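Remarks on the structure that follows.
The values are calculated or read from the model by the stated rules, or taken from the named source; none is laboratory data. On a predicted model such as this, the values are computed, not experimentally measured, just so you know. Note that each Cβ is placed from the backbone with ideal geometry, even for glycine, and that neighbours are counted across all protein chains shown.
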Amino acid sequence: MNHQINRNRIQYFLLILFIIAIGLFSRTKFIPSIIYPYLGDYLYCLMFYVLFGVLFPKKEPISIALLSIGLCFFIEILQLYKADWILAIRSYRLGGLILGHGFLWSDLLSYTLGGITGFVLELFCMKKG
């Protein structure tokens, strides 16, 4: 299954900025409590999908999906590591946003759904374009 795609880096970069904006908004009181714990992680993996699409424009969508989900899983598992140096990084707002603070099994599901969404949307857009 060869689904190579020519990704428009400018469009993907703008999409990354849009996803980051939605992700930051997802941490406000305006998000319903039922999706609040999951939306940020879902968008986090979706953002990595788009970012890896920019960085590796010739990679197949399935490879990009696996890479983005794998990185998010790695970061989530890394949250179990409590060395002083990484806790110091997490104590800063940006460090906490990137590395997270505590391992949750539900985050793994959110990441998986985010990566799958990127994959499906990209395949859908490929067929349209």
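From 89, 31, grab the single residue that is more than 29 Å from residue 126 (Cβ to Cβ), at pLDDT below 90 and surrounded by 12 or more Cβ atoms within 10 Å (Cβ to Cβ).
After applying the criteria, what remains is 31.
How many residues are more than 17 Å from residue 71 (Cβ to Cβ) and aromatic (Phe, Trp, Tyr) when one looks only at region 88-123?
2
Identify all residues within region 46-63 that are out of contact with any Lys or Arg (no Cβ under 8 Å at 6 or more places or on another chain) and either of a type in the set (Asp, Glu) or farther than 17 Å from residue 108 by Cα (or both); write none if there are none.
Matches in region 46-63: 50, 51, 55, 56, 58, 59, 60, 61, 62, 63.
Could you list, ordered by first residue, the pairs with Cβ atoms under 7 Å in which the first is in region 21-34 and closer than 16 Å to residue 47 by Cα and the second is surrounded by 10 or more Cβ atoms within 10 Å (Cβ to Cβ) and aromatic (Phe, Trp, Tyr), at least 6 apart or interchain?
Note: pairs meeting the criteria are 23/44.
Among the residues of region 80-102, write down those that are under 21 Å from the mean Cα position of the chain (by Cα) and in a helix (DSSP H, G or I).
86, 89, 90, 93, 94, 95, 96, 97, 98, 99
Take the residues in region 5-29 that are part of a loop (DSSP other than H, G, I, E, B) and within 17 Å of the chain's Cα centre (by Cα), then tell me which one is farthest from residue 65 (Cα to Cα).
That would be 27.
Within region 60-79, work out how many residues are in a loop (DSSP other than H, G, I, E, B) and free of Cβ contacts under 8 Å to residues at least 40 places away in the same chain.
The total comes to 1.
Can you pull out every residue in region 45-60 that is modelled with pLDDT of 95 or more and not β-branched (Val, Ile, Thr)?
45, 46, 47, 48, 49, 51, 52
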